[in-house]
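Quick notes on the structure that follows.
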Amino acid sequence: MSESSFDKTNLGWQLGQSQQRLQEWWELKTAQNIPNVKLPSWFDSPILGAIAKAAFWLILALLAVWASWQIWQLLRFYIHNFKKRNQTTDGSAKKTIKDLSVAEWLLRSQKLQQQGKYRQACRCLYMALLQRLNDAGTVVYQPSRTDGEYLQLIQQLPQPVPYETLIRIHEQLYFGNTEADASTFEQCQQAYQQIKD
């Protein structure tokens, strides 16, 4: 092989050399601008190193505990709302329309109202409403129907307002953040009386 068959230089090698020179120049300039500061001898103490390491792990542990607490609070909120929606202390949701008559739903409602369980008492009035509609053949009860679907179906009735009141209150109590109290139950009861008349 002759000497002329080898390249003496190429573009990649030249770029590498230029980059290396630039890095060396930068290191030289930055080293000149940084003052040579001597740290006190106690700064290199093993005790100080142990304290710093302990403080680091303590702060990290506290951050982990804080983050866990925040996540727990968030989960607890969602778990509480989920349980609240599915909670039945009197078992009324376990019964279907076909299991109880209108009179039985109304009786349950009165008992729960007397116990101060307004949310469940309102639910029983709602179930009595659905039972009435089912018995009359106006709106056939289907467990999969939503309150929104019931609202659409009752629009054909001559006076849909009291029906709407009961359905909307039920929707707010079971799918919103509304709390039931005596006045909420009173609204439900008045709406149901208007339907009955």
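Observations on the structure shown:
- Simple Cβ-charge dipole of segment 135-197, Lys/Arg +1 and Asp/Glu -1, about Cα centre, in debye nearest 20: 160 debye
- Solvent-accessible surface of segment 113-197, taken per residue with a 1.4 Å probe and all protein chains present: 53 Å².
- Along principal axes, Cα extents of segment 155-197, largest first, whole Å: 31, 20, 9
- Sequence ranges 172-185, 55-68, ranked by mean other-Cβ count within 10 angstrom, highest first: 172-185, 55-68
- Mean Cβ count within 10 Å, highest first, over the residues of peptides 12-18, 114-120: 114-120, 12-18
- Net +/- balance of residues flanking residue 118 in space, Cβ distance below 11 Å, scoring K and R +1, D and E -1: 0
- Rounded to the nearest angstrom and listed largest first, the equivalent-ellipsoid semi-axes of segment 128-182 from its Cα gyration tensor are 20, 12, 10.
- Annotation: average projected area of segment 97-152 is 3.8 square nanometres, based on the convex hull of Cα atoms across all directions.
- Protection proxy ranking, peptides 136-144, 121-129, average beta carbon neighbours within 10 Å, highest first: 121-129, 136-144
The values are calculated or read from the model by the stated rules, or taken from the named source; none is laboratory data. As the structure is a computational prediction, the values presented were derived from the model and not from experiment. As a convention, Cβ positions derive from the backbone with ideal geometry for all residues, glycine included, and neighbour counts pool all protein chains shown. Ligands, DNA and RNA are excluded from the accessible area calculation, which covers all protein heavy atoms including side chains. Shrake-Rupley method; radii C 1.70, N 1.55, O 1.52, S 1.80 Å.
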